[in-house]
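Student: Please find one structure pasted underneath; my questions will follow.
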Amino acid sequence: MDRRAFLADSIGAATAAAGVPPAPNRPTPPGNQGAVGTAHLIELREGLRSLYHLDNAYGGGDVRSLAVRHLHRIQRVINTSRYPESIGRQLQLLVGETAEHCAWLYYDADDQDSARRYWGEALTTATVLKDSSLEILVLASLSMQASYEGRPRDGYDLARAAKERAARLGSPTLQSLLASREARALSLLGDDTAARRSLMESMRLAERRDRGRPAPEWAAFHGAAELDYAHGLLYTESGHHERAVHFLRAALAHQDRTYGRNRALYRLTLARSLVNADSVDEGAAHAVESLEHLEEVESGRVTRRLTEVIDLLDKRDAVSARDATRELRDYLHERRAA
């Protein structure tokens with residue numbers, strides 16, 4: 001069975017494929033006549049959690065349709081079932097969290113207009129419910145998107161807004177993540193000094209992760225690999241490609257192997273920096289090696305990075321660059337024809 005058919009089968013089957021154990025005796029959410037209880041809420045939340053695992057492994061391209069269906073499912077339950085007020089609030093929060101994840105998946109698939117729309121839905125839910133954790137998550141995500149789209153001033157302002165709201169939560173890991181988003185925007189603005197200062201702040205906060213309050217579940221991914229990658233991007237923006245290589249190697253080494261999409265992105269980013277640092281043979285080798293990850297990943301962001309690497313290699317007069325360019329282009333052609 002190919003990847004797309006496998007993923008489209010069902011959220012339940014996908015959960016098993018991602019290595020997430022199913023809950024025993026899962027109930028089906030009721031229709032018009034039933035009442036929603038805690039068991040139904042747990043089932044719906046487990047569905048969202050399984051989507052997180054699938055995204056980490058396979059990227060947003062194939063998973064987004066499952067996420068949208070799950071969002072519609074929760075909205076149907078809200079609008080066709082009976083439940084106490086406490087359950088109703090949790091269902092509404094789950095709608096916001098699922099909309100936010102839909103946005104992330106569309107962002108990863110490089111459909112930025114759809115991503116913005118779903119982040120708007122999530123931010124509306126956060127505002128109505130006065131849920132600070134969801135609001136911070138959306139602001140941080142919008143900051144990331146703004147930087148990705150070449151709007152670093154917006155990225156900086158959004159990161160600052162998220163930092164202000166996160167200060168009262170007292171979570172070093174969360175504050176570290178937001179400082180790294182701020183650093184990314186500052187580096188794109190060309191303010192290297194301020195960017196390094198924010199990134200140093202992010203590192204200091206990460207070292208205090210065992211103090212203060214724990215991070216929200218959605219921020220738990222932030223750690224050594226993310227910080228190394230942020231350093232690599234900072235040095236890339238300032239043109240210090242050899243320094244970037246050092247940190248990007250570390251990011252790839254620290255990245256958990258269950259994060260297939262991130263490993264593909266990190267390896268291609270390392271390849272890009274190696275070529276820019278005139279280590280063409282090694283850069284070409286890493287680019288070709290990334291195909292092992294790409295066979296399992298559907299991510300518009302990763303495909304864009306692959307195209308950048310191909311363009312760089314195409315300009316180099318080296319046998320390794322020509323061979324890699326041919327192999328990478330053949331892969332893209334086959335992928336698009338599939």
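Bear in mind that the values in this text are calculations on the coordinates, not laboratory data. The shown structure was predicted, so the numbers you read here are calculated from the model rather than taken from an experiment. Heads up, the Cβs are rebuilt from the backbone with ideal geometry, glycines too, and the neighbour counts pull from every protein chain shown.
Student: Within the chain, which DSSP H helices have Cα atoms that stretch 18 Å or more along the helix axis and a mean Kyte-Doolittle hydropathy of at least 0.0?
Tutor: Going by DSSP H runs, the hits are 132-148, 172-188.
Student: In debye, nearest 20, what is the charge dipole magnitude of the range 253-338 about its Cα centre with +1 on Lys and Arg Cβ and -1 on Asp and Glu Cβ, if you could check?
Tutor: The dipole magnitude comes to about 340 debye.
Student: If you don't mind, there's one more thing I want to ask. Can you give the charge dipole size of the chain about its Cα centre, rounded to the nearest 20 debye, using +1 on the beta carbon of Lys and Arg and -1 on the beta carbon of Asp and Glu?
Tutor: Numbers: 46 positive and 48 negative charges, 211 e Å.
Roughly 1020 debye for the chain.
Student: Just rank 332, 188, fewest to most, by other beta-carbon atoms within 10 angstrom.
Tutor: 332, 188
Student: Of (1) 66, 41, 41; (2) 138, 49, 34; (3) 70, 48, 33, which is the value of Cα extents along the principal axes in Å derived from the coordinates here?
Tutor: After the calculation, the listed value that fits is (3).
Student: If you find the alpha carbon centre of the range 138-211 and of the range 55-73, how far apart are they in angstrom?
Tutor: Centre-to-centre distance over Cα atoms comes out at 27 Å.
Student: For every helix of n ≥ 4 consecutive DSSP H residues, a contribution of -39,500 (n - 2.57) applies; sum these over the chain, divide by its total residues, and give [θ] at 222 nm rounded to the nearest 500 deg cm²/dmol. It would help to have the intermediate numbers written out before the result.
Tutor: Working: 17 runs with 255 residues, N = 338.
Computed ellipticity for the chain at 222 nm equals -24500 deg cm²/dmol.
Student: Are there trypsin sites (Lys or Arg not before Pro) in the range 90-142 that DSSP puts in a loop and that have at most 12 other Cβ atoms within 10 Å, and which ones?
Tutor: Counting only loop positions with at most 12 other Cβ atoms within 10 Å, the trypsin sites (Lys or Arg not before Pro) in the range 90-142 are 130.
Student: Right, something else. Which one of 148, 70, 284 is farthest out on the positive end of the charge dipole of the chain, using unit charges on Cβ (Lys, Arg +1; Asp, Glu -1) and the Cα centre as origin?
Tutor: 70
Student: For the range 227-261 and the range 265-338, compute the distance between their C-alpha centroids and round to whole Å.
Tutor: Using only Cα atoms to place each centre, the spacing works out to 16 Å.
Student: Same structure again: Taking 8 Å as the Cα distance limit and 6 or more residues as the minimum spacing, I'd like the relative contact order of the chain as a percentage. Can you show the working numbers first?
Tutor: On the way: 505 pairs, mean separation 42.9, N = 338.
Once divided by the residue count of the chain, the mean separation gives 13 percent.
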